[in-house]
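The values are calculated or read from the model by the stated rules, or taken from the named source; none is laboratory data. What you are looking at is a predicted structure, and each value in this text was computed from that prediction instead of being measured. Backbone-built Cβ (ideal geometry, glycine too); neighbour counts: all protein chains shown.
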Amino acid sequence: MSVNKEVKRITTHTIQKMKLKGEKISMITAYDFSFAKLFDAAGIDVILVGDSASNVMAGHETTLPITLDQMIYHAQSVLRAIDHCLVVVDLPFGTYQSNSDIALASAIRIMKETDAHAIKLEGGEEAIDSIKRIVAAGIPVMGHLGLTPQSIYKFGTYTVRAKEEEEANKLKKDALLLQEAGCFATVLEKIPANLAKEVSESLTIPTIGIGAGNACDGQVLVMHDMLGINTEFKPRFLRQYLNLHEQITSAVQQYIADVKSKDFPNEKESY
Ligand code: KIV
């Protein structure tokens with residue numbers, strides 16, 4: 001990132017001010033240079049280099065297998081494309097849960113090797129020591145509560161979290177702990193809309209919802225889901241803005257047909 005660029009950059013402070021002004025925050029995932037460049041130029045506020053790369057880029061069933069080196073590769077590609085948005089990078093499973101020394105070392109690698117602006121990690125009370133160490137080192141941290149996909153084998157399913165009072169109370173407590181520990185924002189994933197509203201109103205830091213209703217301070221979607229590249233994944237919370245699966249399939253089928261019929265390349269497309 002060049003210090004001389006005239007472009008107004010979005011920082012963690014910008015999105016905190018957006019909450020104060022009631023201006024909603026838009027966030028989308030990206031994992032490579034070309035899409036990140038498109039999203040940044042389109043005016044997105046925040047790009048998340050999510051560990052969902054494990055699913056949508058690498059084809060794994062869960063987010064657990066992706067490594068820190070692989071996340072760094074994706075984040076480096078995204079950061080090369082960015083002029084104005086805030087870029088947050090997920091700490092992948094196994095790179096922060098053991099202890100706060102390991103968590104801090106992982107966060108430092110992301111910041112040093114990718115030029116990212118912040119990291120995200122999953123969990124509440126159990127992650128607080130690590131969050132405090134990372135924040136104390138000057139690294140902005142985004143939290144992630146509710147459905148935390150790195151714990152999928154503990155939950156057993158991807159259904160809505162915190163429907164019962166006990167889990168809802170823990171989530172409310174965890175959200176306050178994240179704020180006290182210095183998180184600049186938190187994701188709320190797949191929880192009832194009224195709970196997300198209560199949490200969003202109780203916090204001074206912004207909440208970014210996915211499947212958490214309209215009262216969150218911002219929204220995030222996985223790019224492959226909202227662009228309709230995935231066809232199998234159709235949860236209720238997903239609004240699909242394009243059907244790229246259909247469009248790409250028909251474009252590639254047309255290309256195959258043109259090659260087979262010797263229509264492509266024509267004279268104008270030849271030297
Ligand atoms: O990895 C990811 O894409 C995420 C979003 C679903 C919030 O964490």
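Residues in the stretch 208-237 that are away from the ligand (no atom under 12 Å from the Cβ), touching a helix residue (DSSP H, G or I) at 6+ places or on another chain (Cβ under 9 Å) and more than 17 Å from Leu188 (Cβ to Cβ): Leu227, Gly228, Ile229, Asn230, Thr231, Lys234. Among the residues making up the stretch 132-151, those that are aliphatic (A, V, I, L, M) and away from the ligand (no atom under 16 Å from the Cβ) are Ile134, Val135, Ala136, Ala137, Ile139.
Taking into account only those residues within the stretch 77-101 that are in contact with a Ser or Thr (Cβ under 7 Å, 6 or more places away or on another chain) and among the β-branched types (Val, Ile, Thr), which is farthest from Gly218 (Cα to Cα)?
Going through the qualifying residues, I end up with Thr95.
Residues that are among the hydroxyl-bearing types (Ser, Thr, Tyr) and closer than 18 Å to Ser77 by Cα within the stretch 98-129 comprise just one, Thr114. The number of residues in the stretch 21-71 being touching a Pro at 6+ places or on another chain (Cβ under 9 Å) and either among the polar types (S, T, N, Q) or more than 16 Å from Gly94 (Cβ to Cβ) (or both) comes to 8.
Take the conditions at pLDDT 95 or above and farther than 14 Å from Val88 by Cβ and apply them to Asn230. Does it pass?
no
Checking Asp225, Asp217 one by one, the residue that is under 22 Å from Ala118 (Cα atoms) and buried (at least 21 other Cβ atoms within 10 Å of the Cβ) is Asp217 and no other.
Sort through Ala105, Ala41 and tell me the only one that's away from the ligand (no atom under 14 Å from the Cβ), free of Cβ contacts under 8 Å to residues at least 12 places away in the same chain and assigned to a helix (DSSP H, G or I). Give the derivation first.
On the way: Ala41 fails: free of Cβ contacts under 8 Å to residues at least 12 places away in the same chain.
Going through Ala105, Ala41 in turn, just one is away from the ligand (no atom under 14 Å from the Cβ), free of Cβ contacts under 8 Å to residues at least 12 places away in the same chain and assigned to a helix (DSSP H, G or I): Ala105.
This table checks each residue for (1) within 16 Å of the ligand (Cβ to nearest atom); (2) crowded, with 16+ Cβ neighbours inside 10 Å.
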site	(1), (2)
Val89	yes, yes
Gly94	yes, no
Asp101	no, no
Ala116	yes, yes
Glu126	no, no
Tyr153	no, no
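Whether any residue in the stretch 185-207 is among the hydroxyl-bearing types (Ser, Thr, Tyr), surrounded by fewer than 18 Cβ atoms within 10 Å (Cβ to Cβ) and within 16 Å of the ligand (Cβ to nearest atom) is what I want to check. Checked against the condition, which is being among the hydroxyl-bearing types (Ser, Thr, Tyr), surrounded by fewer than 18 Cβ atoms within 10 Å (Cβ to Cβ) and within 16 Å of the ligand (Cβ to nearest atom), the stretch 185-207 yields no hits at all. Within the stretch 45-57, residues that are within 8 Å of the ligand (Cβ to nearest atom) sit with their Cβ atoms under 7 Å from residues that are among the basic types (Lys, Arg), at 6+ positions apart or across chains, in these pairs: Leu48/Lys120.
All of Met1, Met27 fail the test of being outside any helix (DSSP H, G or I) and at pLDDT 95 or above, apart from Met27. Applying a threshold of 6 Å to beta carbon distances and a minimum spacing of six or more residues, or different chains, the list of pairs starting in the stretch 200-227 at a residue that is touching a residue at least 40 places away in the same chain (Cβ under 8 Å) and ending at one that is basic (Lys, Arg) and within 14 Å of the ligand (Cβ to nearest atom) reads Gly211/Lys190. Being of a type in the set (S, T, N, Q), in contact (Cβ under 8 Å) with a residue 40 or more places away in the chain, within 16 Å of the ligand (Cβ to nearest atom) and out of contact with any Lys or Arg (no Cβ under 8 Å at 6 or more places or on another chain) is a condition met by at least one residue of the stretch 26-34.
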